[in-house]
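Worksheet for the structure shown next.
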Amino acid sequence: MLKKSLSLSSFSLKALGSALLALVILTSAGCGFQLQRSYQIPPQLTTLHLSSQDEYSELTRLVRERLRLSNVALVASDKKVADLRLIRDSLERATLSLYPTGNVAEYELIYQVEFAVTLPGRDPGYYNVEIRRDYLDDPRTALAKSREMELLTKEMRIQAADRIVQTLSSIEVN
């Protein structure tokens, strides 16, 4: 008798858990929740031309990859197709704090990207993306800090590429 009541309560707990999980999924789907990096690109931008000063740069490669993940077809230059042009990217470093000895203790890394989107028959729209990160500098660990700087720069480029695609998804095409 004790076994039957124990199995019934565990069954009801599983059913309750399943019902709760279904409720959470339905609620999140109904409120417009989307997974990160899943952008709804307007139909007029699902086929576009990507141009850059350096076609083999890390940023161009990342933007190309993000566009493909968003189901955007990249084609050769054509007047009938939208154009995404990566104009400039730069990495700057600003001093935030100093050690008592006068050496720099902390930097702020600023990664900026300028790009333009030109729709057929329209003037280009110009956009900027700016990513900022703090970077602690310790001269005693120069090798580790240079590796950390490389990783931060790569992460900033990835975030910039994501924001470029996010900007494309927010462009009003009428």
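The values are calculated or read from the model by the stated rules, or taken from the named source; none is laboratory data. The model shown is predicted, which means the values in this text are computed figures rather than measured ones. For neighbour counting, all protein chains shown are included, and Cβ atoms are generated from backbone atoms with ideal geometry for every residue, glycine included. Calculation scope for accessible area: heavy atoms of the full protein, side chains included, ligands and nucleic acids excluded. Shrake-Rupley method; radii C 1.70, N 1.55, O 1.52, S 1.80 Å.
Assorted remarks:
- Percent of C-alpha pairs per 10 Å bin, the chain, short to long: 8, 26, 21, 17, 14, 9, 5, 1
- Placing unit charges on the Cβ atoms of the charged side chains and taking the dipole of the chain about its Cα centre, the candidate lying farthest along the positive direction among Pro120, Ser51, Leu26 is Leu26.
- Between Lys14 and Gln159, the modelled label-to-label distance comes to 4.4 nm, taking each label 7 Å out from Cα in the direction of the beta carbon.
- Leading residue at positive end of dipole, the chain (Cβ point charges), from Gly17, Leu152, Tyr107: Gly17
- To the nearest 10, the accessible area of Leu50 is 10 Å² with a 1.4 Å probe.
- Residue-averaged 222 nm ellipticity for the chain, from DSSP H runs of 4+ at -39500 (n - 2.57), nearest 500: -14000 deg cm²/dmol
- Selection of GluC sites (Glu not before Pro), the range 116-174, meeting DSSP coil and at most 13 other Cβ within 10 Å: Glu172
- Taking the Cα centre of the range 113-174 as origin and assigning +1 to Lys and Arg Cβ atoms and -1 to Asp and Glu Cβ atoms, the resulting dipole is close to 160 debye.
- Taking the Cα centre of the chain as reference, the dipole from Cβ charges on Lys and Arg (+1) and Asp and Glu (-1) amounts to some 1020 debye.
- Taking the longest Cα principal axis of the chain as reference, the axis of helix 58-69 is set at about 40 degrees.
- Surface share of carbon and sulfur [accessible, 1.4 angstrom probe, percent] for the range 67-165: 50 percent
- Scanning the chain for trypsin sites (Lys or Arg not before Pro) lying in DSSP loops with no more than 10 further Cβ atoms inside 10 Å, the longest uninterrupted stretch between such sites is 1-78.
- Residue-normalised accessible area of the chain, given per residue in Å² at a 1.4 Å probe: 68 Å²
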